[in-house]
Amino acid sequence: MPPGNSTVIAVLGAGSWGLTLASLWGRKPDCLVRVYCRNQDRAKSLASSRQIDRPRQESLPENVEVSSDLEACLAGADVNVLVCSSQGMRALTEAMAETGLALPVLVSAVKGLELKSHLRMSEIIQAAFPTAAVAALSGPNLAMEVLNGLPTASVVACQDIAVAKQLREVLSAPRFRVYANDDLPGVELGGTLKNVIAIAAGVCDGLGLGVNAKASLLTRGLAEMTRLAVRLGARPNTMAGLAGMGDLFATCESSLSRNYRVGYGLARGKSLETILAELGQVAEGVTTTQAVCELSIRLALELPIAEQVESTLKGISTPEEAIMALLSRPLSSE
């Protein structure tokens, strides 16, 4: 066990990213990590076996505890990191609020938008905890590579830059370099919107369209992300940073990305239902695409890539038809 003056981090969620972060921070000698797993049987299994089962099998560090007792995980934690699905965020924050505990620092590690409300995760968290400092952690951080100890960088954003700088120290690890940022909307939206483009990138590779096509897709995709993010309050330069361009490139280049695999599977003729069943985990880009297309209508923004991804996900267009629809748009200036 770590010494008594250790930093206590509560990781709220035991999916692949939650367990990866718990393992990452649990290897730090001055850190105690408590993982909250909603499913009691799974929590007991993880606690007794001490084996991570996703994204791959690995022993949990000694400094990591697993429990299905939410209040016990939260009590006395210095930082609370929420790592659930985007559509489960509201239920999690409501359950956390019901404990009655004062939770001064809350960090979202979730990349998505809530359907219907179109709210970012930090907005849902802030509504449940009005006086708390709310931040977001994002970047080119594929879970398998982080778990394997490969080097990467990330960014933690909070509107209070002093809090972001404090979190930067807490959340950094030897091969996990964290930068501070005060553009909370930008960091969240970068990590969220790139999932839509990642589905398109998977389609591009699945159809074997080549490097030129993919480079064009990613460049126009980044422009599309920036257009929507700026309209929603982000700074444009954030989209050129780790949470925007960095995360976009990583997600669109790797078969480790669930969203990329959705697009690749669609291009190979699989149904969306089959792809998601094979993944066995949430691909946030599917619900994010719906939310983004609803936002494009509400804000009167042209988001052609997102529109074609949605059409393909719904089975209205084939992947080939979606690509041709993008190529057939009226010519314009860049």
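Once you keep just the Cα pairs under 8 angstrom separated by 6 or more residues, what percentage relative contact order results for region 186-327?
RCO, region 186-327: 32 percent.
Using the structure shown, list the pairs from 28/194; 111/214; 165/194; 44/116 with a Cα-Cα distance above 27 Å, or answer none.
Check vs 27 Å cut-off fails for 28/194; 44/116.
Please give the helix 304-313 orientation as an angle from the longest Cα principal axis of the chain, in degrees from 0 to 90, rounded to the nearest 10.
80
When the Cα centres of region 315-334 and region 255-289 are compared, how far apart do they sit, in Å?
Cα centres, region 315-334 to region 255-289: 21 Å.
So for the pair residue 150, residue 268, with labels modelled 7 Å out along Cα→Cβ, what separation do we get in nm?
1.9
Over all alpha-carbon pairs of the chain, lay out the pair-distance distribution in 10 Å bins, whole %, shortest bin first.
Final binned percentages: 6, 27, 35, 22, 9, 1, 0.
Based solely on its DSSP helices, what 222 nm [θ] is calculated for the chain when runs of n ≥ 4 H residues each add -39,500 (n - 2.57) and the sum is averaged over all residues, nearest 500 deg cm²/dmol?
-15000 deg cm²/dmol
With a 10 Å radius around each residue's Cβ, average the other Cβ atoms per peptide and rank 118-129, 89-100, 47-58, highest first.
Highest mean packing first, the order is 118-129, 89-100, 47-58.
Report, in whole Å, the centroid distance computed from the Cα atoms of region 79-146 and region 38-64.
One Cα centre to the other: 22 Å.
Considering every pair of different Cα atoms, what Kirkwood radius, in Å, is found for region 186-327?
One decimal place: 14.6 Å for the Kirkwood radius.
Here, each number is a calculation from the coordinates, and none is a lab measurement. Predicted model only: the values in this text are computed from it and were never measured. FYI the Cβ positions are ideal-geometry reconstructions off the backbone, even for glycines, and counts take in every protein chain you see.
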